[in-house]
Amino acid sequence: MSRNFLPTADGPLLQWTQNFSTLLTANFAAYGLAQTVATTYSSRFNTYKTTLTAAKGDMTRGKSTVYAKNQAKKDLIAYTRLTAGQINRTMTVTDQQRTDLGLIVRKKPSIIPAPTTRPTVALLSAIMRTVTVSIFDQSTATKRSKAPNTIGAKVYTFIGDNYPSDPSLWAYNGDATRTSKYAIVFPDNVPNGAQVWVCAAWYTRKGDTGPISVPISTNVQGGGASQPVGMKIAA
């Protein structure tokens, strides 16, 4: 809970704690508190109120009364924070009740849903054993951007004439956070000319993933630089 919910000046603090004390006295059980807590709070509030009056009075203001007020203020603030913490840890207390007390209502984190669109994977080049692709969302093809609320795409590969429908047979290659250009380097044990497949799925910061893209394929090349080869898209 933020430590800034309490005013610091005497006048606003007196007004805030008076409202807090009044509500605790009338509804302590609704805030998950014992009656002794409300009684103790009321006592500390009244001590602060009395010493504040003395510290500000023309006939009573002095070093002693100001000191007494400051001590009472310190004790009241400490007990307020302790009591507010207990209230905020009570699951049955509503945000409306917290607002009535003058407490800060925490913003609830927004829920980021799992991606619902699939990426489009496009071949940029296949040179030697490196296949380079770009990845963009099917709903934003003109912008070539990621899907909303995602931080990248998980990239998978398969080596063979026909790609499998079983996801467990695909090899995880890595995370493409810069989806405009992602390079996949196939190891030397992949035969020259072998057909390779690439697909991807968006993922969020929480790690939730969306549907897999339509796989594309090309062929790895051996020895020396060569021209990009054609791309095949699965039906």
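Throughout, read-outs are computed from the coordinates displayed, never taken from laboratory work. Note that the structure is predicted; figures quoted are calculated from it, not measured. Counting neighbours? That spans all protein chains shown, and the Cβs are built from the backbone with ideal geometry, glycine included.
A few comments on the model shown:
- Among the trypsin sites (Lys or Arg not before Pro) in segment 136-214, those placed in a DSSP loop whose Cβ has at most 15 other Cβ atoms within 10 Å are Lys143, Arg144, Arg178, Lys181, Arg205, Lys206.
- Measuring nothing but alpha carbons in segment 119-233 and taking Rh as the Kirkwood radius, the Rg to Rh ratio lands at 0.96.
- Compared with the dominant principal axis of the Cα atoms in the chain, helix 35-56 is inclined by about 60°.
- For the chain, the fraction of alpha-carbon pairs in successive 10 Å shells from zero, as %: 7, 23, 16, 8, 8, 11, 13, 9, 4, 1
- In straight-distance terms, cross-link reach from Lys146 covers every one of the aspartates and glutamates whose alpha-carbon lies under 20 Å from its own, apart from those fewer than eight places away in the same chain; here that gives Asp137, Asp175, Asp208.
- Cα long-axis angle, helix 10-27 against the chain (0 to 90 degrees, to the nearest 10): 90
- Relative contact order, whole percent, for the chain stands at 17, derived from Cα pairs under 8 Å and 6 or more residues apart.
- Those lysines that a straight Cα-Cα span of less than 26 Å connects to Lys56, excepting residues fewer than 8 apart in one chain: Lys69, Lys73, Lys74
- Relative to the longest principal axis of the Cα atoms of the chain, the long axis of helix 63-88 lies at roughly 40 degrees.
- Where only DSSP H runs of four or more residues are counted, the chain gives -10500 deg cm²/dmol as its mean residue ellipticity at 222 nm, each run worth -39500 (n - 2.57).
- Look at the dipole of segment 119-233 built from charges on Cβ: of Pro164, Phe186, Leu124, the Cα furthest out on the positive end belongs to Leu124.
- Förster radius 41 Å - calculated FRET efficiency between Ser145 and Phe5 (Cβ-Cβ, nearest 0.05): 0.50
- Straight-distance candidates among the lysines for linking to Lys107, with alpha-carbon spacing under 20 Å and chain neighbours fewer than 8 residues away dropped: Lys206.
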